[in-house]
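Trainee: Would you mind keeping the following structure in view while I ask a few things?
The values are calculated or read from the model by the stated rules, or taken from the named source; none is laboratory data. Because the structure is predicted, anything quoted here is derived from the model rather than measured. We place every Cβ from the backbone using ideal geometry, glycine too, and count neighbours over all the protein chains shown. Surface accessibility is based on the protein's heavy atoms, side chains included, excluding ligands, DNA and RNA. Shrake-Rupley method; radii C 1.70, N 1.55, O 1.52, S 1.80 Å.
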Amino acid sequence: DQATLDWSRAGAHGQWGAGLDLRHQADAIDNAQASIDPATGIATQDHATTNAYTVTTTSAAAWVTDQVRFGKWEALLGGRAARTALRVAAERPTYWRAFDPSLHLKFAFDEDAEATFALRRSLQMPDPRDLNPFTTYVDARNVGRGNPGLGPQRVTSWELGTHASGSHVDGGVTAFYRAARNTVFDARSLAGAVLVTSKENGGQARSAGVTGAID
């Protein structure tokens, strides 16, 4: 369920914007393991690895943007404040608060060529499947176990690009760099002769590259 309200107003050098976003999402996940008798075809569930749970995410966010134009320059500044509640099964909800700024710049060389720069930060919630508080079956020597205490990862992204068009050709190139902290990683341990794979926060991830297109 989602409700969104947008508001905008023209200013002296551009346009103001603001909004509210309310979201409520419930993910119901079932895991089942059963052994089947080959003679009768009857399935017998293994209650140790058969389970069901629901992950409920509720968020309320407010944002404001300001688009400003000066000559060949155009800037879009934004900020988003959010409060998110995450509940796994019947446990008490966990709350997170975040303020994520963003900046987009564009410089027009002429009507057919421009350069862009973007900086933004975001908070990404964990996958509901990684929050499983129960044990799931993989094989006889390998089981999985989620972590209902996982938190979100924080991502910062930079992009620098250029775009140009001519009478017969249109193309652009963008270079990007993304850094994430508090990412989710696999944590493995042994319980006797059985490998148990769980999830933990604390990893870091970085990626960089160049994308391009020409028509």
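Trainee: Select from segment 192-204 the residues that are free of Cβ contacts under 8 Å to residues at least 40 places away in the same chain and among the small types (Gly, Ala, Ser) and write down the one among them that is surrounded by the most Cβ atoms within 10 Å (Cβ to Cβ).
Mentor: Only one residue tops the list, namely Gly203.
Trainee: Continuing with this model, one more query. In segment 1-19, what residues are touching a Lys or Arg at 6+ places or on another chain (Cβ under 6 Å), exposed (fewer than 10 other Cβ atoms within 10 Å of the Cβ) and under 30 Å from Glu74 (Cα atoms)?
Mentor: Selection gives nothing.
Trainee: If Asp46 satisfies all but one of (1) at pLDDT 90 or above; (2) open to solvent by less than 90 Å² (accessible area, probe 1.4 Å), what's the number of the condition it fails?
Mentor: (1)
Trainee: Anything in segment 144-164 that is touching a Pro at 6+ places or on another chain (Cβ under 7 Å) and open to solvent by 50 Å² or more (accessible area, probe 1.4 Å)? List them, or say none.
Mentor: Residue satisfying the conditions is Pro148 alone.
Trainee: Does segment 104-118 hold any residues that are open to solvent by 50 Å² or more (accessible area, probe 1.4 Å) and assigned to a strand (DSSP E or B), and which are they?
Mentor: His104, Leu105, Lys106, Phe107, Phe109, Asp110, Glu114, Thr116, Phe117, listed by residue number.
Trainee: Kindly list, by first and then second residue, each pair from a residue in segment 29-44 that is closer than 30 Å to Arg87 by Cα to a residue that is surrounded by 10 or more Cβ atoms within 10 Å (Cβ to Cβ) and of a type in the set (A, V, I, L, M), limited to pairs with Cβ atoms under 9 Å and residues at least 6 apart or on different chains.
Mentor: Going by the 9 Å Cβ cut-off, the qualifying pairs are Ile29/Ala52; Ile29/Val55; Ile29/Leu131; Asp30/Ala52; Asn31/Ala52; Ala32/Ala52; Gln33/Ala48; Ala34/Ala43.
Trainee: Within segment 49-81, restricting attention to residues that are in contact (Cβ under 8 Å) with a residue 24 or more places away in the chain and not in a strand (DSSP E or B), which residue is surrounded by the fewest Cβ atoms within 10 Å (Cβ to Cβ)? Walk me through it before giving the result.
Mentor: Kept after step one, since they are in contact (Cβ under 8 Å) with a residue 24 or more places away in the chain, are these residues of segment 49-81: 49, 51-70, 72-78.
Still in the list and also not in a strand (DSSP E or B): 49, 72.
Working: Thr49: 17, Lys72: 11.
Ranking the qualifying residues of segment 49-81, first place goes to Lys72.
Trainee: Got a sec? Which of Leu22, Leu86 is part of a strand (DSSP E or B), open to solvent by less than 90 Å² (accessible area, probe 1.4 Å), at pLDDT 90 or above and aliphatic (A, V, I, L, M)?
Mentor: Leu86
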